[in-house]
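**Q** I have a structure here, written as structure tokens, and I will follow up with some questions on it.
What follows draws every value from the coordinates through simple rules; no lab data is involved. The structure presented is a predicted model; accordingly, all values stated were derived computationally and were not measured. Cβ placement follows ideal geometry from the backbone for every residue including glycine, while neighbour counts extend to all protein chains displayed.
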Amino acid sequence: MTAFLKITINKPTGQYSNNKSAEAMKQKKDTDNRKEQILEAALICFNKGGYYKTSIDDIAAKAKISKGGIYYHFNSKDELFLELFDFKVNRYFEQLTMYVQSKKDPAERMLALAKRTGDVLKENSDFFKFCLEFLSMGVREPSIRKGMTHFYKNTVKTFIDIINEGIASGGLKKMNPEKTARVMYFLFMGTFFTYFSTNIDFDLIDQETFNMEALLKGIQAD
């Protein structure tokens, strides 16, 4: 009779699986933290020297990381530049969305949006200074123009949603939501450009709130 040797392979225990999962989460968190460290350093460097005069060596030195460490996370300076914009814009929208969701009345949400927008601009003034260069490069660089188009569409969509809610509830007049949303966007961007590119003679939050209140007077239902 031929004897067969039975080999038993132990499957990973639940504890082993949990440990691997926890380790993977820690590694992802460490990677995200390192990328954020690089992006914050890049923001400082780009604001100081501009895109063309800033090198990967400059960013590596500011982030206190090797040049190879930069290239581990980003393939090029272009990619880093674009991801910096995306990273900060995503945070910007997260902050605004969380804030305005607590307001039920559409008119209140619009005023809250204006106030919170001003707060966010002040809290992240370094990033919005960076945006001025980003926007100017969008005239020549298709990839940057694409990033700004995404920002424009997301912002206008946020305004459209609020306007549609106001019309549906009877709080706002019947109007073209898209065109009105663009008016809101143009007001915001005009204030933004002026605030960061001139010697200002106004308070940002006060002006943003005034802009929105003036607009609301024209679109609120009688």
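**Q** Which number gives the lysine pairs in the stretch 82-222 that have C-alpha atoms under 20 Å apart and are eight or more places apart or on different chains?
**A** Taking the Cα cut-off of 20 Å, the pair count is 27.
**Q** Starting with the fewest neighbours, write out Arg109, Arg34 ranked by other beta-carbon atoms found within 10 Å of each beta-carbon. Don't skip to the answer; put the middle values down first.
**A** Values: Arg109 20, Arg34 16.
Going from sparsest to densest Cβ surroundings: Arg34, Arg109.
**Q** Still on this model: Tell me whether the stretch 69-116 comes out rounded, prolate or oblate; compute the Cα gyration tensor, take square roots of the eigenvalues as a ≥ b ≥ c, and use a/c under 1.5 as the rounded threshold. Walk me through the intermediate numbers first.
**A** Working: a/c = 6.10, a/b = 4.06, b/c = 1.50.
Because a/c hits 1.5 or more and a/b exceeds b/c, the stretch 69-116 counts as prolate.
**Q** Please report the relative contact order for the chain, taking Cα pairs under 8 Å with a sequence separation of at least 6, and give it as a percent rounded to a whole number.
**A** Numbers: 149 pairs, mean separation 40.6, N = 222.
Computed over the chain, the figure is 18 percent.
**Q** How tilted is helix 125-137 with respect to the longest principal axis of the chain? Cα atoms for both, answer in degrees (0 to 90, nearest 10).
**A** Here the helix axis deviates by roughly 90 degrees.
**Q** Report the number of Lys pairs in the stretch 28-74 whose alpha-carbons are under 22 Å apart, with separation of 8 or more residues or on distinct chains.
**A** Lysine pair count for the stretch 28-74: 16.
**Q** A further question follows. Go through 190-200, 76-86 and give me the packing order, highest mean Cβ count within 10 Å leading.
**A** On the way: 190-200: 13.5, 76-86: 17.1.
The packing order, highest mean first, is 76-86, 190-200.
**Q** Where does helix 14-53 land angle-wise versus the long Cα axis of the chain, in degrees 0 to 90, nearest 10?
**A** 50 degrees
**Q** Could you calculate, for the chain, the ratio of the Cα radius of gyration to the Kirkwood radius, expressed as Rg to Rh? Intermediate results must be reported in sequence, preceding the final value.
**A** Working: Rg = 24.2 Å, Rh = 20.7 Å.
With Rg and the Kirkwood Rh in hand, the quotient comes to 1.17.
**Q** Positive end of the charge dipole of the chain (Lys, Arg +1 and Asp, Glu -1 on Cβ, about the Cα centre): tell me which of Leu132, Leu43, Ile200 has its Cα farthest that way.
**A** About the Cα centre, the residue reaching furthest to the positive side is Leu43.
**Q** With angles folded into 0 to 90 degrees, how steeply does helix 106-123 sit against the dominant principal axis of the chain? Use alpha carbons for both and round to 10.
**A** 70 degrees
**Q** Still on this model: Using a basic spin-label model with each label point 7 Å from the Cα along Cα→Cβ, how many nm lie between Phe87 and Lys157?
**A** It works out to 2.3 nm between the two label points.
**Q** Ignoring everything except DSSP H segments at least 4 long, calculate the 222 nm mean residue ellipticity for the chain; use -39,500 (n - 2.57) per segment, divide by total residues, nearest 500.
**A** Numbers: 9 runs with 175 residues, N = 222.
-27000 deg cm²/dmol, from helical runs alone.
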